[in-house]
Each structure stands twice: as C-alpha cells, then as structure tokens.
1. So if I take the centroid of the Cα atoms in segment B:229-275 and the same for segment D:1-80, what is the distance between those two points in Å?
2. With a 1.4 Å probe on protein heavy atoms only, work out how much accessible surface C and A bury together, total over both chains, in Å² to the nearest 100.
3. Normalised radius of gyration for chain D, please: alpha carbon Rg relative to 2.2 N^0.38 Å, two decimal places.
4. List, in order, the whole-Hz ³J(HN,Hα) value for each residue of segment C:261-275 obtained from phi through the Karplus relation with A = 6.51, B = -1.76, C = 1.60 and θ = phi - 60°; use x for Gly and Pro.
5. Is there a quick way to get the dipole size of segment D:141-228? I mean about its Cα centre, with the Cβ of Lys and Arg at +1 and of Asp and Glu at -1; what is the value in debye to the nearest 20?
6. For segment C:239-275, which GluC sites (Glu not before Pro) are in a loop by DSSP, counting at most 13 other Cβ atoms within 10 Å?
7. Relative to the Cα centre, what is the charge dipole magnitude of segment C:72-219, using +1 at the beta carbon of each Lys and Arg, -1 at the beta carbon of each Asp and Glu, and rounding to the nearest 20 debye?
8. Enter the mean number of other protein chain beta carbons within 10 Å of the beta carbon of each residue in B:54-62, as an integer.
Number of protein chains: 4
Amino acid sequence: MCRWLAYSGSPILLDELLYKTDHSLIDQSLHARLGVETTNGDGFGVGWYGATSETPAVFRSIEPAWNDRNLREVASHVESPLFLAHIRASTGTAVQQTNCHPFRFGKWLWVHNGLVREFPRVKRELALVVDESLYTDIEGSTDSELLFYLALTLGLEDDPPGAVERMVGLVEETGRRQGIEHPIQMTIGTADGTNVWAFRYSSEGKSRSLYYSTNVRTLREMYPERPRLQEASDESRIIVSEPIVELAGAWNEVPESSYGLVCEGVDQLHPFRPR
Amino acid sequence: MCRWLAYSGSPILLDELLYKTDHSLIDQSLHARLGVETTNGDGFGVGWYGATSETPAVFRSIEPAWNDRNLREVASHVESPLFLAHIRASTGTAVQQTNCHPFRFGKWLWVHNGLVREFPRVKRELALVVDESLYTDIEGSTDSELLFYLALTLGLEDDPPGAVERMVGLVEETGRRQGIEHPIQMTIGTADGTNVWAFRYSSEGKSRSLYYSTNVRTLREMYPERPRLQEASDESRIIVSEPIVELAGAWNEVPESSYGLVCEGVDQLHPFRPR
Amino acid sequence: MCRWLAYSGSPILLDELLYKTDHSLIDQSLHARLGVETTNGDGFGVGWYGATSETPAVFRSIEPAWNDRNLREVASHVESPLFLAHIRASTGTAVQQTNCHPFRFGKWLWVHNGLVREFPRVKRELALVVDESLYTDIEGSTDSELLFYLALTLGLEDDPPGAVERMVGLVEETGRRQGIEHPIQMTIGTADGTNVWAFRYSSEGKSRSLYYSTNVRTLREMYPERPRLQEASDESRIIVSEPIVELAGAWNEVPESSYGLVCEGVDQLHPFRPR
Amino acid sequence: MCRWLAYSGSPILLDELLYKTDHSLIDQSLHARLGVETTNGDGFGVGWYGATSETPAVFRSIEPAWNDRNLREVASHVESPLFLAHIRASTGTAVQQTNCHPFRFGKWLWVHNGLVREFPRVKRELALVVDESLYTDIEGSTDSELLFYLALTLGLEDDPPGAVERMVGLVEETGRRQGIEHPIQMTIGTADGTNVWAFRYSSEGKSRSLYYSTNVRTLREMYPERPRLQEASDESRIIVSEPIVELAGAWNEVPESSYGLVCEGVDQLHPFRPR
C-alpha cells in the first residue's frame, strides 16, 4: 500500500500540503488510517513543475519520509503550481530510489497506489510489450514503473485516458490468461505540467481510496474564517489517497472505475473502461 | 520509544530471535504492541560477540530494520553466544548511524530504551562530567550514548550495577536542580562479552516494559513438543522489551526499579537504587 | 581536505556552478587538482537563500556528490542569488549528514576546508567555551561545526571578522597550551543572506587554496564573446577553493592571512589577525 | 571500471584481504592504479560462504567502501574459506544495492569488471533470452547482472566455462548485428561454494587486468620470513583485478582470452573461446 497526493493551482510551498495539515501526507507515512498498513516507510518522492524548465524536478529517497531532513528543507523552500508526492510501502520489491515514485519521462510524472497481482508471473510478458525505444529507460523493478512504460507505449502522451484504459485492458487480459482472478488494483496520478489525470480502478471493483477536494469557491463560502482557503486560487485542486485534513464537505470520493481531469477550465469526471 | 533484545546462551544464528519468531524484534520495528509508538523505523543495530576477537562487532544502519537486506544477510549467517539488538524510534535527535544502538566501548555494548527528559537543558552539564579521556569518543548526539559514557566514567567496567546507579543518581540530581520532575526513564542492557546486565528504572516509577525468559529447563518440561526449546542450552536467556513469541509462562517482567544479571551460574535479580 | 564554493549575484540555477563548468565543484568531488586528496567523496551539502524565507535551505547527503541524483535535480531546478556548496573528504570523523557542510544557525551558513590539528586533544576544552544556549544545537562531531559554534559564541552575528579572529585566537591558544605547533588550518566561508565573508588562514602560514572571481565588468571586456559573462550581473562574485573553469585573468588568490567581504557596494579584502 | 577479488583457501577473516594489505581492495576503492579511473566509489559488495548454510551471505552497500563502517565490522569478525568482493565504478547505471556485485542465485555468486558496449541498444534483445523462470529474479539495471542471468540460462550451474563461452558468444553476435565493433569487455569471477572460476576476455583482445596468486608452497620458499605465508594453507589462492600487495613473484597475469579454475586438487588454466 502507498499514499499519494497531487496538487494543481496557484503556486504554494510544497510543505503546505506535505507537512502543514493535521493529517498531512508525511503524517500518513507513519499513521495512515484508510490503508491496509499504517506505515508507509519504504521511501518517498516528490516531483514538481517549476518556472525554469518544462521537465519537472524529481526528489526521491529510500528513507522514511517522516524523518527525512532534506525533504523538509526542499518542501519548505520550493514553490510550485503543480506537484505530485508519494510515500511508499513496498509490496516486496527492493527499497531503492529507482523504485520510488513519481516516475518521470520527459515532462510526464506518474504515481501509483496498488499492485499488479502475481506480478512475477506476468512481468516478462508485459515487459515485452514496452516499446523498444523505451525499454532501457526502465530503471527499477516495480509493477508501478512498468505500468507507466506500458501506458507510454500505448499512447499516454497523446491520449492519457485512452492509454491508461488500454494499459489496464492489457494487464487484465495478460493476467487472466495466467489464471489470475483480479489482475490489477490501482489509483494512478499522472501529469504533464499543465493537466493532472487521476484514475481509480481495480479488477475486483473494490479500489483503493481516492479523493478530490471540493471547488475552492464553494469551500470559501462554507468556511469564511479559514485564511488558507481565502488565499487559495479558484482553480486549486488536491487529489489524495486519503484526506489530509478533516473538514466536512471538503473531500469527495473519486467514484469506482472512473477518472478525473484537473485542467484549465472546468475539471471533469468520467467513467473508466479498460479496453 | 525503542525496543531491544539481549541473548546469552549456546551459539545461535542471530535471525533465530531477530526474524524467526511470531513477534520477532524485526516484526516489532513495524508492529510494536507495548510501546508508545507502534513503529520503530529510525534505524537499528546489532552487536555480537564472536570467536575471533574480544571486541564485539557492531552493525548499525539508519534504514528501517524491517526491509534492510544486509541485516537479514548478516543475521542468517552469523552465529553468536551473546548479542544485543536494538530498533530505534527517535525522540528528536538525528537519524544517523552514530545515534543507533548498541554503542560500543572496548568490549562493552550498551542499549537503551527511554529518555532523559528535557535533555537539551541538562546535556551540557552532564557532558562535562564525562571523563576527559572518554569525551572525544562520543560520536553521536543522543541521551542514550551520553548515559553510556557517564556510566563508563563512573566505573562501569569495574562495578556495572554501581556505576549505573551512580549515573542515574547524577542524572536525577542534575535534572531536579533544573526543575525537571521525572528526569529519567529507562531500560538499559549492557554486556562485556561474558555477562549481561539489564536495568529497569524510571524517576516516576512507571518504567518501560522489560521481560526475561523463564529458565530453559522449566520451559522444556512445560513444552516438551517444542523442538527449539529442546535444542536450547540450559543457560540460554533472553531479555527483551516486549515478548517475541506468545508462550504462557515463558516471560517474566523485570520488576520496577530492579536489575538482572545473566552470567555463568545462577542468574540474579536485585533492586536498583540510584545513588 | 574539502572543496567549497560561494556565489553571490543575480539569481542563477545552482547547477550553473555546481555542474556546468569544465572543472565544476561536482567534478572536483572526483578529480580535485589543488588539494591533498583528489577525491572528495564523503558527503556534500548546498545551502541556498531564496525568496520565501530568511532561513536558507540546506540540502546535505552522505553520498558522493558526483552520482547523487537528488542533488542534480535540485540544482537544475532551484535558482538563488546567494548559495554555498561544499564537498567533503573526511579527516576521520563519521560520514553522516550532521557532519556535512554547510552548517546552519538561524540565517547563517558556514563552510570550512581544513582542520583543527589533534582535534581530540582540544575538543572538550573548546566545547566548554560554546555558549550554554548554543551547546545543544551542535549535532555532529566535526571540528568544522565546533568552529562555527565558537564563532557564534564570540559574536559572529554582530561582527563576523572580529568573531572569527577571536575564534582562531582561542583555538591557537588552546592548541599551543597542549603543545600543538600549528593548531589550525582553514579556509572558511560564511553568509547571512546578504553578505558573504571568506577567510584564509593557517597557523603555519601555508593555507589551503582560495580564489575569488574577477569583477564581472572587467571579465566582460576581456571576454566579449562569452555569453554567460554577458548575462551575469555586475555584482556577481564567486569564491571557491579551486577555480571551476580555466580562464586567464578570471581568478585571484585570496592572500594568506586575509579575508574578503562580498556585499552591496564595493567588495573588500582585509588582513586577518587572530586575537 | 571496477575492481574485484576472490579468495579460496583456509578460512580467514575477510579483512585480511579487504583491508590489511598495502594495496588492499578497499584501498583500491580510493586509489586504484591499473584501471581507467582511480576511484571506485559507487558502492561495493562482499559475498561469503560459511558453515551454516549452502547459500552464501551477500552484504552490499551504495556507500564508498573506504569509509563504510559496517563493512569494516563484518570483515573483521567474519571468517570464510571462500569469498568474493567487489568495488564499483558505475558506467552510468544507478547507484543502488541491486546494482552492486556480487549477484547471487542459489549458491552461485558472480562479479564482473568491464561492460557491454552500447548496452541500451542490446539490452532488450538480450533480456528476452533470459529463461522465463529467471527473468523476474533480475532486480537491478546493470549489464553485469544480465550477463549472470544469461549465463544461468545457458547452463552455468552444469558447465560454467561452457555457459560463459555461450553467453559471450551471444553478446558478441547480438552486438555485431547492431554494428557494435567490440561488444564486450570483461573479467568475471563466479563461484558455487566449492570452486571459483575466473574469466578474462574482451572482443578487442585488450582485456581488463586480472591476476592470480602464485602457489603458496612456492611463495613460502621464496619468502620464509613472512608469517602470513607460513599460516596460509597450501591450497590458498587469490584472484584479483590488481595486486593487493607488492611482492616479486607473487602475482601472475591471467592470460588474454583464458579462464582459470580454483578447485580441490590442481588449479587449472584454459583458453576461453566464445561460442
């Protein structure tokens, strides 16, 4: 099990969401409530988009997030209008930087919570589908990174929802051919520097939790006394595995088998159908 | 909060106690039951005495014990008749090897669970008591290591119980002079390669948990069907912050304000009185 | 032996100086030319001042700088008008984050190349001079950090040159009382977010190398074809243990027993006299 | 470039060869003489066979060997009759434990110095040859580990020299089909707990250095005053990338395109011919 968070909106210091809320992502590294495990101590990562480059920065470490001083330093000094963060609980693969999320390819970032069931039985067959030109960019050994490279192979850069639907379809077909009942369990966040897509799906229809924050204008009316809400831009949106602060009306579950798009204009929510 | 374990007896592979029991020390790094925190993920260490040298080996790391591959390798290939292991939950000081237990001086090892309350207020005064010749051997920044060097200064090598009683007396006197109500909370394990001493004490009289295993001959009679007990030598003894296996009659609480000595001959239990 | 670099001027990406010159600081971690050792692989650190906080960020790691991916990520995405970076070659003390430079106190940063000779013999006596309120902030075990806290005790925040002169005077007096012929060898860089001070001194009068860059206006006239020089602000100044690029006329040795001040207005160079 | 060492003989403490000779393997991590680079600071590993298990222990770390305290502790307390050690200089792949040598499969260990040229261009094609049942055991991203799994696929456990010859033949054929002139450069050491095989080969016929020690009986006669030689068993043999001590007559170059077998009875040297 893992936890992740995506933010899009007016530039804020990373630590506003990673540290400074009651049940912040870093707090969840030690005390997650909604997951199978309470501890997500097998590494972490944060990827952020900035002003100086189209390519996002990625800071990843194998140490538990709760005590990592460099993460605290970076988070309290770096502002970003769009970032993804992830805390990891390994399901068996090695604890190493190249297995930490977010994964990056060009301007794309990718985080995953969940697993490919019986991954060793399908890994090779899935790896063969990865485009030849992409294959050697795979650096780690996780299912999560392989899902990313499959999605890239299947068109992520042109049609993110379609590519993820094709990727999941492929994983399910491959798994079922091996007699695996429920091949995939996932929430996925991906971004290209402008938009964020968030997916919630599992073969068994009981997906890991995923929430998106209520429209900021609505929240401001509900909570006129909260200074942070007054400062947040209208477009600000948080997507997160489990709420980072208790606030009635602030969090909405991403429905089963659906995906959301956070973008300029009106955010969207659609059904997700593996192909 | 931390957890520790000491073993003395016929040589066994370290992993027999670190990994292979239901609620082994490594399991306690992720799922402690009796402590304030369930997670002890801020580093670990194991010190063992061997055949080739009077000086024990010390292996320490800042990674969580539960996923450390090197610990698993060493533990499954190294046998020892006397070892101390520790998993750490930092109470604020840096996560670094030199803050991990066991601490070593010559042939001595030292592990500690607990804290010196308001340590920053008394640290300098206590550090000045450390013998000049020992002062520069202090490498870390913890209260635990300083307690060790104070005990060494106050005669640990000649009279361990007396030195620890004088050390605690000094800490309590120093703390109270600063208006600190309950200056110290501790369970401590120390060894010289032949004997193990285990102390349980706190200024408030509510000390962290500490257990010692029942005499092996008695356990064998109680559980004739357990092969591991049949293999264990008569002299084998485990001291541990919380039981590593559920077995009725196998664990005995070290009483409040007392210390035990595991040695050749009859093990002993005595009252502990700070001087 | 270590290497360090300080930059003050118009905001630039850290990697401009850490990576993108022929003999950049990171290149010096593997291939230093002017030092006693060619390898500075025992950790590194960079501290930078930014827009969001008076307190500088400090990113430190025990891994060799040449292969650290997080350093590369941060350096290629963070801009700063004032930063200090350091690569370490341990002279014996532990390789741990708290022994990596820069050290920070409030808005102050501190880097050091050199050593206190026979440090174990004078450490305790020097540590006792550190102000009581500062003592517990010492987290590591190096001479360099202790020099910083001595300078803070002796007035660094009010009169940096005077405080460093008093600190060196104290170290020399203490060392000589112990029969140590040449107690200190140092180049030191320190900054408060506005100014940078750089010191070069050693008891034996043969100090480690230290250079400052030539005035940018002069360099632009000398090298009109160099685009980076055209972009650099008039006030930009680099101070560094060894030149990061070969360019005739670009580097000037800080004279023996002297210190420089980089500030708004005219930079200064003064003699350094331990008190 | 990397450096490695293999020992077979009477049980000795690992540190006898890793630390206690003039130009020990650990010294070579900072000061290699015969290699392309003087620094081998991108991690290390040691694998040893012991008494308690057929499976060797493997201790690997991403820190430079020269300052790793745990390696020093383990090496000074563990005795073994057969061990392989390796210090790494990355040729581009990530610095992570799973990229450190020795690699292990069952009772087999594997170390490599050299590279597969233009590895990204042939990696996928070579990976497809790895037996399906072995594919998911690949944890890292190096050419060295892939060579090991290719050799295992091609019969390493039954016929080590034949399997390595077939593996090299495959790599050369694959590389040449891609227009790569000299596809492979290697010295390789592998062991099964009883025997050690050492290979020296490169497509261009200019292989990295590799030496084996002279027969101990001969050395004893040459150097009757050397106590360590008197203690060493007749069967003791060292194979190493570069000599760990200067001693006339003690080291013999493994010839180009050949391999050696260290075993009970008479050690052997044979030509190596890729198939």
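The values are calculated or read from the model by the stated rules, or taken from the named source; none is laboratory data. Just so you know, these numbers come straight off a predicted model, no measurement behind them. Don't worry about glycine lacking a Cβ; one is built from the backbone with ideal geometry, like all the others, and counts go over all protein chains shown. Surface accessibility is based on the protein's heavy atoms, side chains included, excluding ligands, DNA and RNA. Shrake-Rupley method; radii C 1.70, N 1.55, O 1.52, S 1.80 Å.
1. 38 Å
2. Rounded to the nearest hundred, the buried surface is 1800 Å².
3. Normalised Cα radius of gyration, chain D: 0.95.
4. Running phi through 6.51 cos²θ - 1.76 cosθ + 1.60 with θ = phi - 60° gives 10, 9, 8, 5, x, 8, 5, 10, 9, 9, x, 10, 10, x, 10 Hz.
5. Dipole size: approximately 480 debye.
6. Qualifying residues, ordered by number: C:GLU246, C:GLU264.
7. Computed charge dipole of segment C:72-219: roughly 560 debye.
8. 4
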